[in-house]
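The values are calculated or read from the model by the stated rules, or taken from the named source; none is laboratory data. Since the model is a prediction, treat every value here as computed from it, not as a measurement. Note that each Cβ is placed from the backbone with ideal geometry, even for glycine, and that neighbours are counted across all protein chains shown.
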Amino acid sequence: AAIEKGNYRHYMQKEIFEQPTVVAQTLSSYIRPLEQQVALPQMDFDLADVKRITIVACGTSFYAGLVAKYWFEQFARVPVDIDVASEFRYRDPVLEAGGLALFISQSGETADTLAALRHAKAEGQKIAVVVNVPTSSMAREADLLLPTHAGPEIGVASTKAFTCQLAVLAAFAANLAVKKGRMTRAEEQEVVQHLTEAPAALNAALAHDDDIAAMAHLIAPARDVLYLGRGPDFPLALEGALKLKEISYIHAEGYASGEMKHGPIALIDEAVPVIVIAPSGPLFEKTVSNMHEVMARGGKVVLISDADGIAEAGEGCMATIEMPKVHPLIAPLVYAVPVQLLAYHVACAKGTDVDQPRNLAKSVTVE
Ligand code: G6P
């Protein structure tokens, strides 16, 4: 059956709003609710033997991989390498025995990612694939197939596939940690608990759609926009900048908050909005001090945080976007929503073709 937009103006908007449902759908195949355990599909190798993980992907899927690197290292203490697929083969990566290569792709057909998969396979790596199209080439060639259940994604700029990828990757990292003896049963239950809270938190984030629409005019006239984040939320800054570039054609850069003073701070003036992604939590104070460096130079800040974070640091910001207060594990999923919505509403304000942005393709099947 044809996929309809229903009451939505664009597929992208519809797909953003589907996230609570499709993330719940995806999680339901990785969580055993009664046992409060994470569970993965069958595989013909033992995850306990994995000594190193190499993550390869493109675009938004690459940013999901960047978040996952934090989780694999933090939970399972397994070292992670990560590359964009177009760079991977050409650096002749060192792929030793006991390595797992992990490919992340909405379509399962991106040419560079597929070529990287085949290279890693030929080098003797076990192949894990997080993919949204179960009949895709990557799905067929995987040793461990980890499907996302986002349903068909039509908008060229990926949204719901990303949050579903994060849900799968969090469950995967927890399962690896359990198998490695790095996570206790109680800790696993906590992870399951936090993941289970994600759909409602995504709904709460979506409830701020009107606020975000109302402030899009603050960003639409900008020529350049800077996004800052730290730790597992740093990739969200990259993803926010990518979304804005893709559909509104505004130049945007994502930066690790602490790295800003090594370059981008030179760009700061009242014409460059700075979007700060800062859930309250262990890294909050550090990010806020970077935000103050921006403000001291006349920079106009949009702070995306929870009520506590906004109460503490919202003063002097051009605008704030309030998110529900969530555990740091699920913050990358929840904070994906405001960066998607901001890009969406800015693009609408500019009148661009949201679902079919110029020069971009949904699936890039050439290298
Ligand atoms: C294209 C799309 C992006 C997507 C990227 C990777 O650039 O426009 O939205 O993130 O390809 O695609 P994949 O299907 O491999 O996730």
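From the list T135, T113, pick out the single residue that is surrounded by fewer than 18 Cβ atoms within 10 Å (Cβ to Cβ) and closer than 18 Å to V364 by Cα.
On the way: T113 fails: surrounded by fewer than 18 Cβ atoms within 10 Å (Cβ to Cβ).
The conditions single out T135.
Yes or no: A167 under 19 Å from I16 (Cα atoms) and at pLDDT 95 or above? Yes: the conditions hold for A167.
Being within 11 Å of the ligand (Cβ to nearest atom) and under 16 Å from L195 (Cβ atoms) holds for only one residue in T159, T148, T163, and it is T148.
Within segment 98-109, residues that are of a type in the set (S, T, N, Q) reach partners that are near the ligand (Cβ under 7 Å from one of its atoms) and not in a strand (DSSP E or B) with beta carbons closer than 6 Å, at six or more positions or on different chains, in the pairs S105/S61; S105/T113; Q106/S158; Q106/A161; S107/S363.
Check segment 136-145 and report whether any residue there is within 29 Å of G98 (Cβ to Cβ), within 13 Å of the ligand (Cβ to nearest atom) and not in a helix (DSSP H, G or I). Looking through segment 136-145, at least one residue is within 29 Å of G98 (Cβ to Cβ), within 13 Å of the ligand (Cβ to nearest atom) and not in a helix (DSSP H, G or I).
Of all residues in segment 314-363, those satisfying the criterion of being away from the ligand (no atom under 16 Å from the Cβ), touching a helix residue (DSSP H, G or I) at 6+ places or on another chain (Cβ under 7 Å), over 16 Å from P235 (Cβ atoms) and in a loop (DSSP other than H, G, I, E, B) are G316, M318, P324, K325, V326, H327.
Determine, yes or no, whether A214 is surrounded by fewer than 19 Cβ atoms within 10 Å (Cβ to Cβ) and on the phi < 0 side of the Ramachandran plot.
Values: surrounded by fewer than 19 Cβ atoms within 10 Å (Cβ to Cβ): yes; on the phi < 0 side of the Ramachandran plot: yes.
Spelling it out, A214 is indeed surrounded by fewer than 19 Cβ atoms within 10 Å (Cβ to Cβ) and on the phi < 0 side of the Ramachandran plot.
Residue by residue, here is whether (1) buried (at least 24 other Cβ atoms within 10 Å of the Cβ); (2) hydroxyl-bearing (S, T, Y); (3) closer than 26 Å to R9 by Cα holds:
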| site | (1), (2), (3) |
| --- | --- |
| K179 | no, no, no |
| A186 | no, no, no |
| A200 | no, no, yes |
| A204 | no, no, yes |
| P235 | yes, no, no |
| Y255 | no, yes, no |
| I268 | no, no, no |
| V272 | no, no, no |
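The set of residues in segment 1-40 that are more than 26 Å from L144 (Cα to Cα) and assigned to a loop (DSSP other than H, G, I, E, B) comprises A1, A2, I3, E4, K5, G6, N7, Y8, R9, H10, E18. For segment 70-118, the set of residues classified as away from the ligand (no atom under 16 Å from the Cβ), hydrophobic (A, V, I, L, M, F, W, C) and assigned to a strand (DSSP E or B) consists of V80, L100, listed by residue number. Screening the candidates L238, L228 for the property of being modelled with pLDDT of 95 or more, of a type in the set (A, V, I, L, M) and over 17 Å from L303 (Cβ atoms) yields one hit, L238. If you go through segment 242-271 and pick out every residue that is farther than 16 Å from K300 by Cα and of a type in the set (A, V, I, L, M), you end up with 5. Scanning segment 1-50 for residues that are in contact with a Pro (Cβ under 6 Å, 6 or more places away or on another chain) and at pLDDT 95 or above yields P20, V23, A24. The lone criterion from (1) away from the ligand (no atom under 16 Å from the Cβ); (2) within 22 Å of the chain's Cα centre (by Cα); (3) hydroxyl-bearing (S, T, Y) left unmet by S289 is number (2). When segment 48-61 is limited to residues that are out of contact with any Phe, Trp or Tyr (no Cβ under 9 Å at 6 or more places or on another chain) and not in a loop (DSSP other than H, G, I, E, B), the one that is farthest from V334 (Cα to Cα) turns out to be D49.
Per-residue answers, yes or no, for (1) under 23 Å from the mean Cα position of the chain (by Cα); (2) outside any helix (DSSP H, G or I); (3) within 16 Å of the ligand (Cβ to nearest atom); (4) of a type outside the set (D, E):
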site: A186; (1), (2), (3), (4): no, no, no, yes
site: L195; (1), (2), (3), (4): yes, no, no, yes
site: A201; (1), (2), (3), (4): yes, no, no, yes
site: D210; (1), (2), (3), (4): yes, no, no, no
site: A213; (1), (2), (3), (4): yes, no, no, yes
site: A222; (1), (2), (3), (4): no, yes, no, yes
site: L244; (1), (2), (3), (4): yes, no, yes, yes
site: K261; (1), (2), (3), (4): no, no, no, yes
site: A271; (1), (2), (3), (4): no, yes, no, yes
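Apart from one condition, K121 fits all of (1) touching a residue at least 24 places away in the same chain (Cβ under 8 Å); (2) out of contact with any helix residue (DSSP H, G or I) (no Cβ under 9 Å at 6 or more places or on another chain); (3) away from the ligand (no atom under 16 Å from the Cβ); (4) in a helix (DSSP H, G or I); the exception is (1). The numbered conditions (1) under 16 Å from the mean Cα position of the chain (by Cα); (2) modelled with pLDDT under 95 are all true for V354 except (1).
Of all residues in segment 19-60, those satisfying the criterion of being within 26 Å of E190 (Cβ to Cβ) and touching a Lys or Arg at 6+ places or on another chain (Cβ under 7 Å) are Q19, V22, A39, L47, A48, I55. Scanning segment 275-306 for residues that are in a helix (DSSP H, G or I) and among the β-branched types (V, I, T) yields T287, V288, V294.
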